[in-house]
Amino acid sequence: MSCNGHKVVLLGGDDLRDMFLQGTLYFEKHKEAINDLNVFPVPDGDTGTNMALTLQAASRELQSVSTTSSIGEVSRIAARSALMGARGNSGVILSQLFQGIARGLAGKEDARLTELGRAFQYGIVYAYNAVSRPVEGTILTVAREIARGSRIAVQKNINVVDLLGVAIASGKKALERTPDLLPVLKEAGVVDAGGLGLIVFLEGCLQSVSRHSSDEIPLTEGEKATGEFYKYISQDNETVEESTSLQEEFDTRFPYCTELIIRGDDLLLPTLRQQLEPMGDSLLVAGDTGVVKVHIHTANPGSVLETCLACGSIHDIKIDNMLDQFNKTRWSDGEGQPAQGLRTVSAQIETTPQQRKPLMEIGLVAVAAGTGFVDIFESMGADRIVFGGQSMNPPVEDLVNAVLEVNSKKVIILPNNSNVQFAAEQAVKLVDKEISVIDTNSLPQGLAAILAFDRSKSLADNFVEMCLRARQVKTLEVTYATRDAVVNGITVQKDDIIGLADGALLVSGLTINETVLELLRNVLDDQEEQIVTLFYGHDVTESDAGELAQKVEADFPDSEVELQSGGQPLYYYLISVE
Amino acid sequence: MAQVRIVTDSTAFLEEETIERYNISVVPLYVNFENEVILDGSISNAEFFDKMKNATKMPFTSQPSPGDFVKVYEKILEEGDDIVTLVISSGISGTYDSAINAAKLLDIKRIAVVDTTMTSGGLAMLVKEAAEAAAQGKTKEEIVALLEDKKRRLRLFFIPDTLEYLKKGGRIGGAQALLGTLLKIKPVLYLNNGKVETYDKVRTMKKAMERIVDEIPPAKGPFTLTIIHGEAFDTANKMKAMITERFPEAEVIINELSPVIGTHAGPGVVGLCFYAQ
């Protein structure tokens with residue numbers, strides 16, 4: 001190494017080799033921290049390991065290189081062996097970066113800093129070419145900024161230590177910005193793992209050169225650096241969520257929310273949909289051949305109206321400029337400034353503090369009673385649960401509030417009881433959101449329906465599929481008689497245990513377990529493999545339920561039996577048979 | 001005139017006979033256990049899942065290096081042949097990037113790399129199409145065009161026994177939303193534009209299989225389907241029976257998963273690949 005005072009200005013092959021070896025060693029120490037950050041492109045937590053393996057492949061070769069080798073030769077060997085040993089996406093990109101650097105240093109005995117800076121530029125070009133679809137917010141962004149930093153630095157007649165320092169500093173700045181460029185990072189509250197890996201490697205390289213120099217080096221102690229990485233990992237998710245809460249939603253190219261109804265004869269929905277499709281987004285065309293409801297976000301409501309008018313007469317026309325609502329919401333939020341870039345807003349819904357998540361296309365409200373059922377519905381994707389059920393029908397107001405609270409444009413309601421159906425239909429009339437009420441008459445039907453719920457599909461598709469699924473499940477109920485009666489030719493006395501199948505009284509008995517088994521004997525088809533899910537109620541203990549489940553399994557060996565705590569009042573057991 | 005040679009990756013899990021008949025080159029991916037790296041396909045599935053069960057840490061998989069492709073390509077180019085490479089979907093693996101970088105390094109004019117958006121049995125079906133076309137003397141360009149068309153019509157559905165492995169391996173994709181459901185459900189997943197997405201959710205294995213078999217288009221004459229599975233011979237045979245009952249003319253091939261795919265889908269997985277239309 002050639003020094004000018006304390007300044008390293010000329011780099012030889014052995015210097016590059018030492019930097020590389022030290023960089024690899026240093027990287028090895030930090031690879032787990034880098035693994036922990038890995039969420040892109042696939043969150044498999046192996047970025048650190050893959051980069052380490054790639055570096056090791058190069059280092060192994062470099063160890064046997066003669067100390068008198070030229071810098072061109074050392075870089076060529078490093079690049080070639082990294083390429084052969086490259087693992088993972090980040091490893092491949094890293095190897096290409098070295099490939100470019102080697103190209104820049106080819107044929108050189110030593111390299112001046114300007115030459116080193118230029119080699120780095122080659123590296124960037126190679127790295128970007130390495131991936132079929134370069135994504136910003138990754139190791140590529142960090143590498144590019146490192147190169148930019150070093151390009152500016154070399155013009156200022158500095159030494160290699162300072163050069164690396166500047167390069168690392170600008171890389172770090174870019175690294176901190178990666179979550180802004182790549183949403184998946186922001187969601188996870190981390191910076192890009194590969195980008196961090198590159199910086200760690202350079203810090204290791206810096207350690208190597210700083211040993212030869214008396215210059216004061218910040219940022220070289222392993223611990224200090226690691227502490228800094230963990231800062232990224234433990235970043236408070238709360239703040240991250242807040243900043244993403246305003247992402248998504250409506251596209252400013254289509255500011256006019258246009259809704260109307262067409263009346264006519266033989267209206268052709270698919271044709272109309274096809275005609276309207278290119279005019280905007282969030283298109284919804286629903287109805288039948290006589291009446292069609294149209295909803296679209298568009299830049300040109302005039303052409304939407306014209307197109308609709310060609311099909312029939314138009315009614316209930318409503319056109320809103322969502323930008324107005326957007327600005328109003330923003331200003332009334334007390335933020336004091338208009339937003340930068342109109343990327344966001346939930347147009348029709350007032351924001352409440354709980355609403356951190358982005359506006360969804362379709363939300364789901366389920367009516368349920370019993371802690372077990374509430375948990376199950378929530379685990380299956382229900383956004384709001386309204387308490388209610390048999391003999392405790394929820395007030396319409398509760399349904400209206402739940403529908404308003406769900407941060408979505410459209411809402412599906414699962415009433416899960418025939419008596420709640422009506423209240424749900426009232427809610428539809430009271431709320432200015434598009435709502436579908438699925439005809440679910442029991443909690444098991446509700447669960448069957450929610451299984452088919454798919455937010456990525458249209459409201460109409462969901463409606464059809466969910467109704468269909470609800471009907472494919474049989475609901476059995478075991479409860480007690482509230483009075484003496486003769487139903488379906490079965491005589492029951494008050495307080496007898498009774499068993500119903502899809503609402504019809506089928507059996508009565510003296511014990512709960514016997515009634516359940518008798519009921520199952522009546523409805524189970526021994527030809528079919530069926531799944532029987534027992535939801536035990538509030539008044540049944542877990543151990544009693546467990547015993548019964550075992551009995552059911554023994555008596556019906558062809559069926560698959562699952563036991564769940566439903567926690568429902570009134571019914572000892574609710575049972576779904578599919 | 002130059003012949004076309006087919007190169008693919010180990011996740012196609014081709015049977016030895018096919019590899020030999022068409023002189024196909026297979027570049028293996030890696031499965032990295034804590035203290036050992038194995039080449040995909042170098043050990044049997046039973047052995048592999050056993051290893052996985054006994055491992056203290058989940059293995060992770062990695063794509064071949066560009067160098068691995070370079071070695072295979074160099075040899076074929078020396079022999080004067082052109083190359084068509086079929087690789088696992090770039091939505092779930094970086095193998096495509098390794099292959100394309102190797103091709104750029106050597107001779108991009110003579111090497112084509114096709115991102116099949118598939119893997120496993122689906123990839124194997126495409127490889128066989130490509131190899132057959134090459135054997136008939138089709139050019140590199142003709143084969144690539146054929147594959148671009150075929151891959152769009154190919155479907156791959158699968159039912160994992162549990163979502164745990166997809167989650168651990170980071171390939172869960174759109175099926176993420178199914179985690180944490182309290183009811184026991186059988187998710188029917190599929191490769192949609194090369195990524196794992198949820199196709200449906202049902203309660204029993206039988207219904208899940210029926211859901212997939214329902215997707216097979218009505219056939220006029222014989223056609224081929226590939227059942228894929230990870231140590232689930234019984235379920236695979238049940239699915240085969242279900243298919244042949246409905247489609248007596250169908251030729252049903254049963255293929256195991258390569259260990260790399262097994263790492264992500266987990267033991268007990270069963271799936272089906274076929275052409276829609």
Item to check | All positions within segment A:261-278 that are open to solvent by less than 90 Å² (accessible area, probe 1.4 Å), at pLDDT 80 or above and in a helix (DSSP H, G or I) | outcome: A:T271, A:L272, A:Q275, A:L276
Checklist entry - Checking B:I92 against (1) out of contact with any Lys or Arg (no Cβ under 7 Å at 6 or more places or on another chain); (2) facing another protein chain (nearest Cβ under 10 Å), which test does it fail? => result (1)
Checklist entry - Given A:I450, A:I435, which one is more than 14 Å from every other protein chain (Cβ to nearest Cβ), surrounded by 18 or more Cβ atoms within 10 Å (Cβ to Cβ) and in contact with a helix residue (DSSP H, G or I) (Cβ under 8 Å, 6 or more places away or on another chain)? => result A:I435
Checklist outcome for this item: Restricted to segment B:54-64 and to residues being open to solvent by 60 Å² or more (accessible area, probe 1.4 Å), in a loop (DSSP other than H, G, I, E, B) and not charged (D, E, K, R), the residue farthest from B:E79 (Cα to Cα) is B:T56
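Each row is one residue, and each column tells you yes or no for (1) away from chain B (no Cβ under 14 Å); (2) in contact (Cβ under 8 Å) with a residue 12 or more places away in the chain; (3) part of a strand (DSSP E or B); (4) over 18 Å from A:Y480 (Cβ atoms).
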position: A:S508; (1), (2), (3), (4): yes, yes, yes, no
position: A:V516; (1), (2), (3), (4): yes, yes, no, no
position: A:T533; (1), (2), (3), (4): no, yes, yes, yes
position: A:V540; (1), (2), (3), (4): yes, yes, no, no
position: A:Q550; (1), (2), (3), (4): yes, no, no, yes
position: A:P569; (1), (2), (3), (4): yes, yes, no, no
position: A:I575; (1), (2), (3), (4): no, yes, yes, no
Next on the checklist: Anything in segment B:40-64 that is within 13 Å of chain A (Cβ to nearest Cβ) and closer than 24 Å to B:L106 by Cβ? List them, or say none.
Outcome noted: B:S62, B:Q63, B:P64
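Which one of B:G80, B:G67, B:G121 is touching a residue at least 24 places away in the same chain (Cβ under 8 Å) and assigned to a loop (DSSP other than H, G, I, E, B)?
Details: B:G67 fails: assigned to a loop (DSSP other than H, G, I, E, B); B:G121 fails: assigned to a loop (DSSP other than H, G, I, E, B).
B:G80 is the lone residue from the list that is touching a residue at least 24 places away in the same chain (Cβ under 8 Å) and assigned to a loop (DSSP other than H, G, I, E, B).
Within segment B:1-53, which strands (runs of 3 or more DSSP E) (wholly inside it) include 1 or more residues that are closer than 20 Å to B:V144 by Cβ and open to solvent by 40 Å² or more (accessible area, probe 1.4 Å)?
Working: elements: B:4-9, B:25-27, B:30-33, B:36-39.
Passing ranges, in order: B:25-27.
For B:V188, are the conditions met, namely being within 12 Å of another protein chain (Cβ to nearest Cβ), open to solvent by less than 10 Å² (accessible area, probe 1.4 Å) and within 22 Å of B:V213 (Cβ to Cβ)? Spell out the reasoning first.
Values: within 12 Å of another protein chain (Cβ to nearest Cβ): yes; open to solvent by less than 10 Å² (accessible area, probe 1.4 Å): yes; within 22 Å of B:V213 (Cβ to Cβ): yes.
Taking the combined requirement at face value, the residue satisfies it.
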Checklist outcome for this item: Checking B:K240, B:K207 in turn, the sole residue that is modelled with pLDDT under 95, surrounded by 14 or more Cβ atoms within 10 Å (Cβ to Cβ) and part of a helix (DSSP H, G or I) turns out to be B:K207
Checklist entry - Of all residues in segment A:105-119 being open to solvent by 10 Å² or more (accessible area, probe 1.4 Å) and at pLDDT 90 or above, which is farthest from the chain's Cα centre (by Cα)? => result A:E109
Next on the checklist: Looking only at segment A:1-58, count every residue that is charged (D, E, K, R), within 36 Å of the chain's Cα centre (by Cα) and at pLDDT 75 or above and tell me the total.
Outcome noted: 6
Item to check | Residue that is farthest from the chain's Cα centre (by Cα) [pool: residues in segment B:99-141 that are away from chain A (no Cβ under 14 Å) and among the basic types (K, R)] | outcome: B:K109
Item to check | Filter result for the condition that a residue is within 14 Å of another protein chain (Cβ to nearest Cβ) and under 21 Å from the mean Cα position of the chain (by Cα), over B:T162, B:T181, B:T198 | outcome: B:T198
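Kindly indicate whether B:D214 is within 14 Å of another protein chain (Cβ to nearest Cβ), modelled with pLDDT of 85 or more and surrounded by fewer than 20 Cβ atoms within 10 Å (Cβ to Cβ). Can you show your working first?
Values: within 14 Å of another protein chain (Cβ to nearest Cβ): yes; modelled with pLDDT of 85 or more: yes; surrounded by fewer than 20 Cβ atoms within 10 Å (Cβ to Cβ): yes.
For B:D214, the condition - within 14 Å of another protein chain (Cβ to nearest Cβ), modelled with pLDDT of 85 or more and surrounded by fewer than 20 Cβ atoms within 10 Å (Cβ to Cβ) - is met.
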Item to check | Failed condition for A:I512, given (1) of a type outside the set (D, E); (2) closer than 22 Å to A:A369 by Cβ; (3) open to solvent by less than 20 Å² (accessible area, probe 1.4 Å); (4) over 41 Å from the mean Cα position of the chain (by Cα) | outcome: (3)
Checklist entry - For segment B:140-169, how many residues meet the condition of being within 30 Å of B:K201 (Cβ to Cβ) and touching a residue at least 60 places away in the same chain (Cβ under 8 Å)? => result 16
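Residues of segment B:65-81 being within 9 Å of chain A (Cβ to nearest Cβ) and open to solvent by less than 60 Å² (accessible area, probe 1.4 Å), which ones?
Result: B:S65, B:P66, B:G67, B:D68, B:V70.
The values are calculated or read from the model by the stated rules, or taken from the named source; none is laboratory data. Here the structure is a predicted model, which is why all the values come from computation and not from measurement. Please note: Cβ atoms are built from the backbone with ideal geometry, for glycine as well, and neighbour counts cover all protein chains shown. Only protein heavy atoms, including side chains, enter the accessible area calculation; ligands, DNA and RNA are left aside. Shrake-Rupley method; radii C 1.70, N 1.55, O 1.52, S 1.80 Å.
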